[in-house]
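> There's a structure below that I have some questions on.
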Amino acid sequence: SKAVEEKDRRETEQAAHTLKGVCANLGLEDLRAVFDQIVQAVRSGETQRIPALYEKAKADMERTSEAIGLLD
């Protein structure tokens, strides 16, 4: 995301927190957990972890999207 690339920690935290809630509401526990890890990394100042967590979230979202597509 633009926020991650630009190292905008405030925006990264906000987006990850929102997505964490959406994933929780949809029962997407693996994705919720990754977004929670991003939120915690921002809050604890462990910003070096964010790019790898973001890449994991993107990969997990792609797999989830593909799985949903198979339901048609």
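The values are calculated or read from the model by the stated rules, or taken from the named source; none is laboratory data. If you're wondering where the values come from, they're calculated on a predicted model, not measured in any experiment. Backbone-built Cβ (ideal geometry, glycine too); neighbour counts: all protein chains shown.
> If you take the residues of the range 1-44 that are more than 14 Å from E55 (Cβ to Cβ) and among the polar types (S, T, N, Q), which of them is farthest from the chain's Cα centre (by Cα)?
Checking each candidate, the answer is S44.
> Give me the helices (runs of 4 or more DSSP H) completely within the range 1-53, filtered to those with at least 2 residues that are crowded, with 18+ Cβ neighbours inside 10 Å and touching a His at 6+ places or on another chain (Cβ under 9 Å), ordered by residue number.
Filter on the range 1-53 gives 29-44.
> Restricting to the range 4-47, name every residue that is among the small types (G, A, S) and touching a residue at least 24 places away in the same chain (Cβ under 8 Å).
A16
> Could you tell me whether T47 is modelled with pLDDT of 95 or more and hydroxyl-bearing (S, T, Y)?
no
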